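The values are calculated or read from the model by the stated rules, or taken from the named source; none is laboratory data. Model, not experiment: these values are computed from the prediction. FYI the Cβ positions are ideal-geometry reconstructions off the backbone, even for glycines, and counts take in every protein chain you see. In case anyone asks, the SASA skips ligands and DNA or RNA and just uses the protein heavy atoms, side chains included. Shrake-Rupley method; radii C 1.70, N 1.55, O 1.52, S 1.80 Å.
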Amino acid sequence: MRNKFLNVLLALIIGCIFINCANRSAPIGGEEDVTPPVIVSTSPENYSTNFNVKEIKIEFDEYIKIKNLQKQLIISPPMKTQPEITPLGSASKTIKIKIFDTLPPNTTYAFNFGNSIEDNNEGNPYTYYRYVFSTGDYIDSLTVSGNITDALKREPETFVSVMLYEVDSTFTDSIIYKETPKYITNTLDSVTSYTIENAKAGKYLLVALKDKNGDNKFQQKSDQIAFKKEFITLPTDSTYNLRLFNEIIDFKPSRPQLVNGEKIMIGYEGNPEDVAFSLDSITSDVVPEEFEYRVSKDKETDTLYYWYKPKLEVDSLVLSIKHPQITEETYTVRIRDKERDSLLIEAEPSGTISYDEDFKISGNIPFTKFDTSKIELIDKDSLPVAFSMKSFDSLTNTYTLNFEKTEDNEYNMTVFPEAFMDFFENTNDTLNYSLRTKKQDSYGNLRLSIINAVYPIIIQLTDKEGKVKYEKYATEQKPFDFLNINPGDYFIRVIFDENKNGVYDTGNYLKKTQPEIVKHSKTKIQEPVRAGWDVIETFTLNK
């Protein structure tokens with residue numbers, strides 16, 4: 001028994017020795033390499049003058065790779081033909097830049113690699129490497145710097161290009177649509193500040209673009225833009241803050257086509273407000289005196305519908321489209337025998353309705369009649385509830401109804417036959433809608449005081465994505481009460497309504513107008529809105 005015990009004890013001791021030895025062994029591969037690669041030589045040397053070669057070589061002390069070059073590399077001034085840069089997709093100790101352009105004289109060029117260079121094994125970056133040279137006798141050394149903000153959002157986009165266009169005898173405002181800039185930099189993905197370096201003295205237009213397709217030209221449909229209204233002159237000690245905004249796209253219709261009986265579809269870009277139509281036959285038959293038409297907008301897409309009656313026995317029609325932003329455009333629309341749409345009616349909201357929320361009824365075919373006497377609204381006790389028609393939007397074909405609501409109640413609306421008649425004299429069958437309200441203690445209240453405001457202002461409560469949840473318009477200083485709002489976290493946005501039209505107005509480059517000033521709370525409201533609670537908050541606007 002004693003020998004068995006000694007054998008077990010000896011086995012345990014030997015096991016511990018092996019474990020201890022294993023724990024003391026050095027990690028395989030040694031310490032992790034955290035050192036970025038080192039440049040050992042460049043040919044020609046960085047900051048060379050009288051540059052006249054077609055290939056640049058940059059030698060490193062270890063194998064490197066290049067990542068995201070298309071997004072990270074900024075060449076200023078831009079070259080007409082993109083240089084060939086290697087290695088791409090492989091490792092090498094040498095970066096080679098092959099230049100195809102014939103470079104103009106007395107010009108300083110800069111290649112800013114951003115965060116694209118890193119070592120091959122651990123991925124340690126060589127950050128913001130710049131290779132600079134001049135085709136003249138000296139390196140231009142002037143700079144322009146500043147910050148980028150978004151005119152409407154709390155944070156601007158990343159990878160914003162900031163550009164200088166030289167103002168000389170050939171300069172026109174349209175240059176940003178047609179030509180690449182004289183100098184360019186980019187905020188990349190980590191900062192909202194910018195610095196344009198190695199510029200020469202002169203007068204410039206300063207522009208920033210969130211350039212979606214990377215062509216260094218302004219595309220109104222896809223790009224955000226910011227600009228300094230006045231030209232800047234280098235050298236300068238000033239810094240320039242630029243506010244990115246989306247322009248309202250110029251109205252542009254697409255070719256109309258008949259999609260159903262007496263219904264022509266017209267896709268468009270921009271704002272359809274103030275659009276006008278006229279219709280005629282291309283045959284000897286004239287449009288009859290009893291001819292009528294209506295125009296409505298699709299709920300989901302940028303599409304207008306041109307509805308007409310009576311049915312015209314022609315092969316084609318000529319539809320002319322007028323708008324303040326375009327010259328009159330005329331299209332031939334082929335006419336075929338198709339069935340007309342059937343009337344479809346829908347309403348919103350469904351289910352729960354807030355105390356101050358309107359009830360909306362819309363149809364797919366333009367309404368021509370609404371008989372409110374054929375609508376009955378009762379609460380959960382079957383008591384009648386008075387309602388009124390608040391408005392009718394002919395473009396969206398929507399009636400807005402308003403009625404007083406009480407907490408924890410149910411409302412049933414019955415729309416009897418022939419309450420609605422559409423453009424083709426279709427009427428509705430019986431429709432039923434059920435709504436309910438929550439208990440008042442399901443909501444919270446927020447009292448907000450604004451300091452340093454210049455009135456009128458638009459006060460908005462937004463979610464973290466910037467979507468507007470609640471809004472008030474104010475023309476004078478007072479506490480602003482947001483009552484019966486859903487519990488949650490909110491951010492504050494204040495719009496200075498300079499032209500007093502009640503909405504946020506963006507800018508326009510060609511008109512040289514800047515977007516209206518918008519101020520954001522840097523963080524969400526300190527105390528979240530809770531059900532059954534009142535929150536008091538003060539927001540001080542920076543001057």
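Computed quantities for the displayed model
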read-out: Scaled radius of gyration (Cα, divided by 2.2 N^0.38 Å) that the chain gives; value: 1.40
read-out: Binned Cα-Cα distance frequencies in the stretch 142-181 - 5 Å width, integer %; value: 5, 16, 22, 16, 22, 13, 5, 1
read-out: Between helix 2-24 and the chain: long-axis angle, C-alpha atoms, 0 to 90°, nearest 10; value: 80 degrees
read-out: Shape metrics for the stretch 74-205, restricted to C-alpha atoms - Rg then Dmax, Å; value: 16.5, 52
read-out: Within-10-Å neighbourhood charge of E537 [Cβ basis; K, R +1; D, E -1]; value: 0
read-out: Selected from I375, W533, T396, residue furthest toward positive end of dipole (the chain; charges at beta carbon); value: W533
read-out: Over 24 Å [Cα-Cα, the stretch 148-252], rounded percent; value: 19 percent
read-out: Whole-Å distance, taken between Cα centres, linking the stretch 421-479 and the stretch 201-225; value: 36 Å
read-out: The stretch 167-309, accessible surface, carbon-and-sulfur percent (1.4 angstrom probe); value: 43 percent
read-out: Amide H contacts of Y129 (H built 1.01 Å from N, under 5 Å, at least 5 apart or other chain); value: F113, G114
read-out: Ranking by accessible area, most exposed first, for T149, T462 with a 1.4 Å probe; value: T149, T462
read-out: Y138/I326 FRET efficiency (R0 45 Å; Cβ-Cβ; nearest 0.05); value: 0.35
read-out: Relative contact order of the chain, pairs being alpha-carbon contacts under 8 Å that are 6 or more residues apart, as %; value: 8 percent
read-out: Order of exposure, largest accessible area first, which applies to M79, M421 with probe 1.4 Å; value: M421, M79
read-out: Qualifying aspartates and glutamates (Cα of each under 16 Å from Cα of K380; at least 8 residues distant if same chain); value: E404, E407, D408, E410
read-out: Euclidean distance of C-alpha centroids, the stretch 125-156 and the stretch 315-342, integer Å; value: 50 Å
read-out: Rounded to whole Hz, the Karplus (6.51, -1.76, 1.60) HN-Hα couplings of the stretch 233-245, x for glycine and proline; value: 10, 9, x, 8, 9, 7, 10, 10, 8, 10, 10, 6, 8
read-out: log₁₀ of I(q)/I(0) at q = 0.16 Å⁻¹ - the stretch 339-468, Debye sum with one point per alpha carbon; value: -0.91
read-out: Loop-resident sites, the stretch 356-437, for GluC sites (Glu not before Pro), counting at most 15 other Cβ within 10 Å (DSSP); value: E357, E404, E407, E418, E425
read-out: Residues of the chain: accessible area per residue with a 1.4 Å probe, Å²; value: 56 Å²
read-out: Zone of V454's modelled label, taken as backbone nitrogen in the stretch 508-528 under 20 Å from a point 7 Å along Cα→Cβ; value: 508, 512-521
read-out: Positive-pole candidate from V295, S193, Y268, dipole of the chain, charges at beta carbon; value: S193
read-out: Karplus (6.51, -1.76, 1.60) ³J(HN,Hα), θ = phi - 60°, over the stretch 53-58, in Hz, Gly and Pro reported as x; value: 9, 10, 9, 10, 10, 10
read-out: Calculated P(r) of the stretch 253-376 - Cα pairs past 23 Å, %; value: 42 percent
read-out: Heavy-atom accessible surface of the stretch 388-543: percent carbon and sulfur, 1.4 Å; value: 46 percent
read-out: Karplus 3J(HN,Hα) series, Hz, for the stretch 98-107 with 6.51 cos²θ - 1.76 cosθ + 1.60 (x for Gly, Pro); value: 9, 9, 9, 6, 8, 7, x, x, 6, 10
read-out: nm² value of the averaged projected area, convex hull over the Cα atoms of the stretch 218-297; value: 9.4 nm²
